[in-house]
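Student: Let me give you the structure first, and then I'll get to my questions.
The values are calculated or read from the model by the stated rules, or taken from the named source; none is laboratory data. All figures in this text were calculated on a predicted structure; none of them were measured in a lab. Counting neighbours? That spans all protein chains shown, and the Cβs are built from the backbone with ideal geometry, glycine included.
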């Protein structure tokens, strides 16, 4: 499976031009297959089973469950409601027993049980107050489920005990007013969060005390940061507007570089095999940027593909 990836994106019914989930060879950029799915804007793998999960980002949100064959080909197994509108992100816990879904449209967070076959079982939905826009779900190293809420400037927390999930007794983490937290990542004892609305990237210690806040881009003009990822100790942020990738060092967020993303409106990226693969939503392509000494280099190759919003390499 080395060198394969799934590309998720928007389909005509969800404002895009793709057809579903695309399987590609990252070495050759050859298309190996496509599986129809409604608006699969974000994808996640089961940690132990050959199963893929995809949101269906529409007003009546869905979650798709698909099996993966030895070649990477997908076979739909089941589809169910995401229990909210416009789901845009989902994550599986390390044990492979829970699937958390962030419904951007109404701010609902739904948590679905997963059985031994990778299929979904019971579900519990957590609505939130008016104006909420849940954007990313991630299971932290402490076992807590964290969900960024762009609409309320919070990181919502949910306690996970076995198969039971509940609102965290300490409530949400409140971040800077107007920040619009979108994507976050944990590394080296710190949380890193991209602010879509104020164009910042911020670092917090394990107790959620802010230790650094800097502009995500130094290019000037409006910027709406999207995906954030930590790799080999460096923090990478995609900037929509400037159409760049910024690289920062450590919790002080010292800027190491800012380079063109190779397309327009970089919504997501993935690092695999010494390269960064950037899903450029508005130019309809995946740009491949070689990485040298931690810095993405000028784009080497480009794969034209629908309206991409997620790149998911296979381990």
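Student: Here are the criteria: (1) at pLDDT 95 or above; (2) more than 22 Å from residue 15 (Cβ to Cβ); (3) touching a strand residue (DSSP E or B) at 6+ places or on another chain (Cβ under 9 Å). Tell me which single one residue 264 does not satisfy.
Tutor: (2)
Student: So if I check each of 298, 215, 315, which one is farther than 27 Å from residue 86 by Cβ and either at pLDDT below 95 or within 15 Å of the chain's Cα centre (by Cα) (or both)? Even if it seems obvious, please write down each step before you answer.
Tutor: Details: 298 fails: either at pLDDT below 95 or within 15 Å of the chain's Cα centre (by Cα) (or both); 215 fails: either at pLDDT below 95 or within 15 Å of the chain's Cα centre (by Cα) (or both).
It is 315.
Student: Would you please list the contacts, defined by Cβ atoms under 8 Å and residues six or more apart or on different chains, that run from a residue in the stretch 6-35 that is surrounded by fewer than 13 Cβ atoms within 10 Å (Cβ to Cβ) to a residue that is assigned to a strand (DSSP E or B) and modelled with pLDDT of 95 or more?
Tutor: 30/24
Student: Here are some residues: 70, 154, 64. Which one is touching a strand residue (DSSP E or B) at 6+ places or on another chain (Cβ under 8 Å) and farther than 24 Å from residue 210 by Cβ? Before the answer, list the steps.
Tutor: On the way: 70 fails: touching a strand residue (DSSP E or B) at 6+ places or on another chain (Cβ under 8 Å); 154 fails: farther than 24 Å from residue 210 by Cβ.
Being touching a strand residue (DSSP E or B) at 6+ places or on another chain (Cβ under 8 Å) and farther than 24 Å from residue 210 by Cβ holds for just one of 70, 154, 64, which is 64.
Student: Related question: Return the total of residues in the stretch 1-25 being assigned to a loop (DSSP other than H, G, I, E, B), more than 11 Å from residue 306 (Cβ to Cβ) and at pLDDT 95 or above. Write out each step before concluding.
Tutor: At the first step, the residues of the stretch 1-25 found to be assigned to a loop (DSSP other than H, G, I, E, B) are 1-3, 10-11, 15-19.
Those still in the list that are more than 11 Å from residue 306 (Cβ to Cβ) too: 1-3, 15.
Okay, now just the ones that are also at pLDDT 95 or above, so none.
The total comes to 0.
Student: If you go through the stretch 240-248 one residue at a time, do you hit one that is in contact (Cβ under 8 Å) with a residue 24 or more places away in the chain, assigned to a strand (DSSP E or B) and farther than 29 Å from residue 298 by Cβ?
Tutor: Taking every residue of the stretch 240-248 in turn, none turns out to be in contact (Cβ under 8 Å) with a residue 24 or more places away in the chain, assigned to a strand (DSSP E or B) and farther than 29 Å from residue 298 by Cβ.
Student: Against the condition farther than 20 Å from residue 9 by Cβ, outside any strand (DSSP E or B) and in contact (Cβ under 8 Å) with a residue 60 or more places away in the chain, how does residue 251 come out, does it pass? So that I can check it myself, show each step before the final result.
Tutor: Values: farther than 20 Å from residue 9 by Cβ: yes; outside any strand (DSSP E or B): yes; in contact (Cβ under 8 Å) with a residue 60 or more places away in the chain: yes.
In short, yes.
Student: Just to verify a result, which residue in the stretch 70-87, among those that are within 23 Å of residue 34 (Cβ to Cβ) and part of a strand (DSSP E or B), is nearest to the chain's Cα centre (by Cα)?
Tutor: Looking at residues that are within 23 Å of residue 34 (Cβ to Cβ) and part of a strand (DSSP E or B), I get 87.
Student: Which is touching a strand residue (DSSP E or B) at 6+ places or on another chain (Cβ under 7 Å), closer than 21 Å to residue 13 by Cβ, in contact (Cβ under 8 Å) with a residue 40 or more places away in the chain and surrounded by 23 or more Cβ atoms within 10 Å (Cβ to Cβ), of 57, 83?
Tutor: Working: 83 fails: surrounded by 23 or more Cβ atoms within 10 Å (Cβ to Cβ).
Testing whether each residue is touching a strand residue (DSSP E or B) at 6+ places or on another chain (Cβ under 7 Å), closer than 21 Å to residue 13 by Cβ, in contact (Cβ under 8 Å) with a residue 40 or more places away in the chain and surrounded by 23 or more Cβ atoms within 10 Å (Cβ to Cβ) leaves just 57.
Student: Also, I was wondering about something else. Can you tell me which residues in the stretch 152-171 are over 18 Å from residue 198 (Cβ atoms) and part of a loop (DSSP other than H, G, I, E, B)?
Tutor: Let us first name the residues in the stretch 152-171 that are over 18 Å from residue 198 (Cβ atoms), namely 156-171.
Listed by number, the residues that qualify are 162, 163, 168, 169, 170, 171.
Student: Still on this structure, I have one more. Let me confirm something: among 124, 129, which residue is farther than 26 Å from residue 48 by Cβ and either crowded, with 16+ Cβ neighbours inside 10 Å or in contact (Cβ under 8 Å) with a residue 12 or more places away in the chain (or both)?
Tutor: Values: 124 fails: farther than 26 Å from residue 48 by Cβ.
It is 129.
Student: Of 117, 207, 137, which residue is under 27 Å from residue 282 (Cα atoms) and either more than 21 Å from the chain's Cα centre (by Cα) or modelled with pLDDT of 95 or more (or both)? Spell out how you get there, then give the answer.
Tutor: Details: 117 fails: under 27 Å from residue 282 (Cα atoms); 207 fails: under 27 Å from residue 282 (Cα atoms).
When all the criteria are applied, what remains is 137.
Student: Let me ask something else. Restricting attention to the stretch 7-57, report how many residues are touching a helix residue (DSSP H, G or I) at 6+ places or on another chain (Cβ under 9 Å) and closer than 24 Å to residue 300 by Cβ.
Tutor: So the answer is 1.
Student: Just the residues that are within 20 Å of residue 47 (Cβ to Cβ) and part of a loop (DSSP other than H, G, I, E, B), please, taken from the stretch 58-69. Spell out how you get there, then give the answer.
Tutor: If we filter the stretch 58-69 for residues that are within 20 Å of residue 47 (Cβ to Cβ), which is where we start, we get 63-69.
Result: 69, single match.
Student: Any idea which of 288, 299, 235, 278 is assigned to a loop (DSSP other than H, G, I, E, B) and either within 15 Å of residue 194 (Cα to Cα) or in contact (Cβ under 8 Å) with a residue 12 or more places away in the chain (or both)? Break it down into steps so the answer makes sense when it comes.
Tutor: On the way: 288 fails: assigned to a loop (DSSP other than H, G, I, E, B); 235 fails: assigned to a loop (DSSP other than H, G, I, E, B); 278 fails: assigned to a loop (DSSP other than H, G, I, E, B).
Selected residue: 299, the only one of 288, 299, 235, 278 that is assigned to a loop (DSSP other than H, G, I, E, B) and either within 15 Å of residue 194 (Cα to Cα) or in contact (Cβ under 8 Å) with a residue 12 or more places away in the chain (or both).
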